[in-house]
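So the structure is just underneath, and the comments pick up after that.
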Amino acid sequence: MKIKPVLIICALVVMVFGLGYIFIPAQMLSLIGYETDSIGLLILQFVGILSMGYVASIWAVRDAGKEIQHPTILSAFVAMGFAFIVALIHQLSGTFGGLGWFGVLNFGLAFFVFGYFWIFKVHLN
C-alpha cells in the first residue's frame with residue numbers, strides 16, 4: 001500500500017468538509033443534527049479555515065520523500081485518533097444524528113490507515 005493515494009483521498013475529504021464549514025456551516029451542522037447561534041457558526045467557519053490549512057499541508061507532501069512525509073503522517077495519525085474518540089463519544093451519547101456514524105467511521109478508518117503507515121512504514125523501518 002502506498003501513502004500517496006491515502007494523502008490525496010484524505011485531502012479531498014477534508015477539503016469537502018472544510019469548504020462546507022466555511023460556506024454553508026448551518027447546513028453542514030444540520031447533517032449531524034446540530035443547530036447553533038451566529039457565534040457557533042463563526043467558530044465552525046474558522047474550523048473550516050483550519051481544515052483548509054490541513055488540506056494544503058497534506059497536498060504539499062503527497063509527492064515528497066518519506067523523510068518529509070513523516071511529520072505529516074504522525075500529525076494525521078494523532079489528529080484522527082482524537083477525532084475518532086470525540087466523534088465516538090458524541091455518537092454513543094446521542095448527540096449526533098444518524099449521519100454521525102459516518103464521521104465516526106471516517107475518523108476511525110483514517111486513524112487506522114495513518115497508524116499503519118506510521119507504525120509499520122515509518123517507525124519500524
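The values are calculated or read from the model by the stated rules, or taken from the named source; none is laboratory data. Owing to the predicted nature of the structure, the values given are computational and were not obtained by experimental measurement. Positions of Cβ are generated from backbone atoms using ideal geometry, with glycine treated the same way; all protein chains shown enter the neighbour counts.
Whether any residue in segment 41-54 is among the hydroxyl-bearing types (Ser, Thr, Tyr) and modelled with pLDDT of 95 or more is what I want to check.
Yes, segment 41-54 contains a residue that is among the hydroxyl-bearing types (Ser, Thr, Tyr) and modelled with pLDDT of 95 or more.
Going through segment 11-50 one residue at a time, which ones are within 25 Å of Leu92 (Cα to Cα) and hydroxyl-bearing (Ser, Thr, Tyr)?
Tyr21, Ser30, Tyr34, Thr36
Residue check, Ser57 against (1) polar (S, T, N, Q); (2) under 13 Å from the mean Cα position of the chain (by Cα); (3) over 22 Å from Met15 (Cα atoms), all met but one. Which one?
The number of the failed condition is (3).
For segment 70-81, check the following and say yes or no: at least one residue is touching a residue at least 60 places away in the same chain (Cβ under 8 Å), under 19 Å from Val122 (Cβ atoms), small (Gly, Ala, Ser) and touching a helix residue (DSSP H, G or I) at 6+ places or on another chain (Cβ under 7 Å).
Among the residues of segment 70-81, at least one is touching a residue at least 60 places away in the same chain (Cβ under 8 Å), under 19 Å from Val122 (Cβ atoms), small (Gly, Ala, Ser) and touching a helix residue (DSSP H, G or I) at 6+ places or on another chain (Cβ under 7 Å), which makes the answer yes.
A quick yes/no check of all residues on (1) farther than 14 Å from Ala76 by Cα; (2) polar (S, T, N, Q); (3) crowded, with 18+ Cβ neighbours inside 10 Å; (4) free of Cβ contacts under 8 Å to residues at least 40 places away in the same chain:
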site: Gly18; (1), (2), (3), (4): yes, no, yes, yes
site: Phe23; (1), (2), (3), (4): yes, no, no, yes
site: Ala26; (1), (2), (3), (4): yes, no, no, yes
site: Leu31; (1), (2), (3), (4): yes, no, no, no
site: Glu35; (1), (2), (3), (4): yes, no, no, yes
site: Ser38; (1), (2), (3), (4): yes, yes, no, yes
site: Ile43; (1), (2), (3), (4): yes, no, no, yes
site: Tyr54; (1), (2), (3), (4): no, no, yes, no
site: Asp63; (1), (2), (3), (4): yes, no, no, no
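Could you list, in sequence order, the residues of segment 82-116 that are outside any helix (DSSP H, G or I) and either at negative phi or not small (Gly, Ala, Ser) (or both)?
Once the filter is applied, which keeps residues that are outside any helix (DSSP H, G or I) and either at negative phi or not small (Gly, Ala, Ser) (or both), segment 82-116 yields Ser93, Thr95, Phe96, Gly97, Gly98, Leu99.
Quick one: which residue in Phe82, Phe96 is more than 16 Å from Ile3 (Cβ to Cβ) and surrounded by fewer than 17 Cβ atoms within 10 Å (Cβ to Cβ)?
Just a single option satisfies the conditions, and that option is Phe82.
Please go through segment 1-16 and give me each residue that is surrounded by fewer than 16 Cβ atoms within 10 Å (Cβ to Cβ) and within 20 Å of Phe96 (Cα to Cα), ordered by number.
Val13, Val16, listed by residue number.
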